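The values are calculated or read from the model by the stated rules, or taken from the named source; none is laboratory data. The shown structure was predicted, so the numbers you read here are calculated from the model rather than taken from an experiment. Neighbour counts are summed over all protein chains in view; Cβ atoms, including those assigned to glycine, are modelled from backbone coordinates with ideal geometry. Heavy atoms of the whole protein, side chains included, go into the accessibility calculation; ligands, DNA and RNA do not. Shrake-Rupley method; radii C 1.70, N 1.55, O 1.52, S 1.80 Å.
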Amino acid sequence: MIKSKQLKKPQLVLIVDDQEINRDVLGMILEDYYDIIYASNGREALQMIEEYRDKLSVVLLDLIMPEMDGFKVLDCVRNDELLKSIPIIVLTAERNAELRALEMGAADFITKPFDMHEIILARVERIIELSEGRQLIQAAEHDPLTGLYTRNFFFEYANRIYRYQQGWHMDAVVLNIDHFHSVNALNGREFGDRVLGIIGDGIRAFLADSNGIASRFEGDRFAILCEPQTDYQALLDKIQTRVNEASHIAGIRLRMGVAPWREGVDPVTLFDRARAACGMVRGNYKSHLMIYDEEMYRRELLNQRLVNDLVRAVEERELKVFYQPKYNVQCDPPRLSSAEALIRWNHPELGLVSPGTFIPLFESNGQISTVDHYVWNEAARQIAEWREKFGVTLPVSVNLSRVDVFDPSLEERLESLVERYGLDHKALKLEVTESAYTENAEQMIELINRLRGRGFEIEMDDFGSGYSSLNMLSSMPIDVLKMDMKFVRNIVQSEKDFRLVGVVLDIARYLKVPVVAEGVETEEQLNMLKEAGCDLIQGYYFSRPVPPEEFEPLIVREKQIEREKQA
Ligand code: C2E
Ligand code: CA
Ligand code: CA
């Protein structure tokens with residue numbers, strides 16, 4: 001007797017045969033050792049294989065069946081990337097068919113009629129063992145530097161625990177080093193490797209007393225799957241102390257993210273969450289540990305929803321472009337000079353979603369281009385529509401995100417827009433945030449030069465939020481500076497902030513470009529900015545961003561002022 005037969009295994013076996021008697025006999029042989037599901041023809045079998053693909057350990061497949069025969073099933077499974085690792089044992093009474101089935105990729109065969117129960121059981125067990133073993137070997141094995149598992153092996157193992165050891169609740173823990181690349185750059189790779197080794201030792205010491213497995217994914221990214229701990233801070237401190245003692249260099253800081261076990265969440269997702277939590281530690285000087293919580297979960301669900309819904313939103317025109325005016329305040333009365341296009345999402349269930357919620361999300365997954373292209377087109381169309389309706393061209397600026405900057409078709413796209421709507425290049429202005437300039441200065445300067453060469457005007461957005469030096473600024477081709485809102489917010493209360501506004505205006509004079517102040521909400525703010533010499537004002541004081549139909553009265557009034565001046 002094979003020892004493991006005494007245990008009822010949690011593995012799942014699918015028995016496929018059109019004859020009820022055959023299904024029953026096989027079921028009786030195997031039911032004490034495996035969970036069994038049944039199908040009575042090929043079509044049904046394929047559906048079940050798809051449905052249970054993550055749980056199935058083996059399929060016992062009759063070859064001759066009505067509707068869809070076993071050969072066809074075999075063929076479909078073998079040619080499907082997701083299914084092809086599930087082993088199939090064919091059931092047959094015919095020698096020739098056996099051979100053909102083995103050639104087609106069956107793992108083994110059992111002959112009918114079913115007599116030797118012991119043999120059938122042993123075959124099934126052997127095939128399951130071999131197949132699991134092969135999957136493990138394929139994913140080999142240990143990271144030479146730390147002795148922990150490699151990423152593939154780790155997940156292979158973790159998935160197995162998840163599938164078969166249902167009662168075993170495990171938390172996901174991710175561990176990183178702050179600024180590991182600088183640790184390497186400053187002290188040499190050898191030193192960096194030693195630090196990684198020390199962390200590996202620390203994790204192994206922890207796992208000596210606690211159930212779990214661990215891996216180094218790559219670089220400084222460590223992952224631990226372990227039974228839930230009451231005090232993760234203690235674990236982090238222990239490993240941190242080891243690093244401090246052995247490295248003799250102060251200032252190597254570890255950070256940890258934890259995603260607590262949750263029913264039905266697979267290891268890959270759980271580690272995504274731990275990684276997200278760990279990412280939130282960055283820049284937090286007080287705590288180096290973050291536990292994935294309900295709030296992060298709600299945010300994750302919302303993000304998933306927005307990501308899934310974006311295509312529909314574009315098709316169903318749920319995305320709305322709002323417009324906010326910019327006024328020239330050096331005239332009396334102030335004159336409407338242009339507008340900024342700002343996206344809104346009118347979601348059927350969530351209501352009006354603000355860009356602050358989805359722009360950073362879509363910037364991180366690349367979908368921002370979809371949004372931006374939509375907005376640019378819509379803005380260009382709107383400029384043309386208003387020109388038609390009111391006989392004036394009101395320039396509109398659109399936002400470029402840092403992702404757009406790397407799009408090789410960007411210039412062509414913008415060019416074809418102005419062409420399609422018959423616009424002057426100056427009518428479609430482009431806002432680029434200062435931090436995008438500072439992140440890839442050379443590439444930006446080249447791109448902006450090419451765009452300006454075509455006649456587009458560039459506004460540097462959120463100026464004062466990035467870190468461009470005066471040297472950089474003087475080589476940066478721009479047409480307008482938009483002062484970051486934080487300067488305006490406190491000018492009335494804070495003399496220091498008002499002085500900073502003066503500095504921005506000085507820089508603009510030095511660069512010979514006009515300044516837009518955004519976020520202007522009160523008359524007092526407006527007057528101070530106007531006196532300091534600020535040219536253009538955008539903010540709630542004049543108008544919130546509004547849908548086009550609410551913007552039109554502003555154009556009408558502007559025409560009125562124009563007429564009165566001429567009269
Ligand atoms: P931003 O480009 O700096 O846009 C200015 C933001 O300030 C807008 O927020 C606007 O509604 C808000 N604002 C304007 N006046 C005032 C005021 O007086 N007081 C206050 N408190 N806020 C004011 P919004 O529309 O929520 O957009 C937020 C950010 O989302 C924008 O910042 C921009 O970075 C991004 N964004 C918006 N639309 C797009 C788009 O079509 N494409 C891209 N890539 N980003 C966009
Ligand atoms: Ca902007
Ligand atoms: Ca801005």
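Some observations on this one:
- Our helix-only sum for the chain, with -39,500 (n - 2.57) per DSSP H run of n ≥ 4 divided by its residues, gives a mean residue ellipticity at 222 nm of -15500 deg cm²/dmol.
- Residue-level accessible surface for residue 376, protein heavy atoms, 1.4 Å, Å²: 0 Å²
- Candidates per GluC sites (Glu not before Pro) in the range 331-393, loop by DSSP, up to 12 other Cβ within 10 Å: 349
- Spin-label zone in the range 76-109 - amide nitrogen under 15 Å from a point set 7 Å from the Cα of residue 54 along the C-beta vector: 82-83
- Over the range 151-292: Kirkwood hydrodynamic radius from C-alpha pairwise inverse distances, Å: 15.3 Å
- Across the cross-link table entries 426/482; 486/565; 429/496; 389/512; 326/512; 486/559, which are compared at the Cα atoms, the separations over 25 Å belong to 486/565; 429/496; 389/512; 486/559.
- Inter-probe distance in nm under a simple model that places probes 7 Å from Cα toward Cβ, at residue 412 and residue 557: 4.4 nm
- Probe 1.4 Å, all protein chains present, accessible-area order of 92, 370, 230, largest first: 230, 370, 92
- Between the Cα long axis of helix 410-420 and the first principal axis of the chain there is an angle of about 60°, rounded to the nearest 10.
- Unit Cα scatterers, Debye sum, the range 360-495: log10 I(q)/I(0) for q = 0.13, 0.17, 0.19, 0.22 Å⁻¹: -0.60, -0.96, -1.14, -1.37
- Largest-first ordering by accessible area, 1.4 Å probe, given options 503, 546: 503, 546
- Label point at residue 246 placed 7 Å out along Cα→Cβ; residues across the range 188-202 whose backbone nitrogen lies under 13 Å: 191-202
- Overall form of the range 318-566 per C-alpha gyration tensor (a/c, 1.5; a/b vs b/c): rounded
- Angle between the chain longest axis and helix 441-454 axis [Cα atoms, degrees, rounded to 10]: 60 degrees
- A Förster radius of 56 Å, combined with the Cβ-Cβ distance separating residue 238 from residue 549, puts the computed FRET efficiency at roughly 0.35.
- Rounded to the nearest angstrom and listed largest first, the equivalent-ellipsoid semi-axes of the chain from its Cα gyration tensor are 62, 33, 19.
- Separation in nanometres of the label points that stand 7 Å from Cα toward Cβ, at residue 352 and residue 141: 6.3 nm
- Set of lysines with alpha-carbon distance to residue 238 below 19 Å, sequence-local pairs under 8 removed: 286
- Of the trypsin sites (Lys or Arg not before Pro) found in the range 469-567, those that fall in a DSSP loop while having at most 11 other beta-carbon atoms within 10 Å are 512.
- Each of 268, 478, 368 was placed along the dipole of the chain (beta-carbon charges, centred on the mean Cα), and the one lying farthest toward the positive end is 478.
- Förster radius 22 Å - calculated FRET efficiency between residue 265 and residue 164, Cβ distance, rounded to 0.05: 0.85
- In summary, the aspartates and glutamates within cross-link reach of residue 55, defined as a Cα separation below 19 angstrom excluding same-chain residues under 8 places away, comprise 31, 32, 35, 44, 80, 81, 125, 129, 132, 156, 263, 266.
- Sequence of 255, 317, 216 from largest to smallest accessible area, 1.4 Å probe: 317, 216, 255
- Against the main long axis of the alpha-carbon atoms of the chain, helix 495-511 sits at an angle near 80°.
- Computed on the chain, with alpha-carbon pairs under 8 angstrom and 6+ residues apart, the relative contact order is 8 percent.
- Here is the list for the range 34-85: trypsin sites (Lys or Arg not before Pro) lying in DSSP coil, each with at most 15 other C-beta atoms within 10 angstrom of its C-beta, are 53, 55, 84.
- Spacing of the two label points (7 Å from each Cα toward its C-beta) at residue 67 and residue 21, in nm: 2.1 nm
- Solvent-accessible heavy-atom area per residue, rounded to whole Å², over the range 5-141 at 1.4 Å: 52 Å²
- Here the Kirkwood formula, the inverse mean of 1/r across different C-alpha pairs, assigns the range 5-141 a hydrodynamic radius of 14.9 Å.
- Accessible area of the range 151-292 divided out per residue, in Å², using a probe of 1.4 angstrom: 50 Å²
- Here the chain carries DSSP beta bridges of which approximately 45% are antiparallel, counting only pairs with both residues inside.
- Residue 528 accessible area, assembled protein chains, probe 1.4 Å, Å²: 50 Å²
- Residue 322 sits with roughly 30 Å² accessible to a 1.4 Å probe, with DNA, RNA and ligands left out of the calculation.
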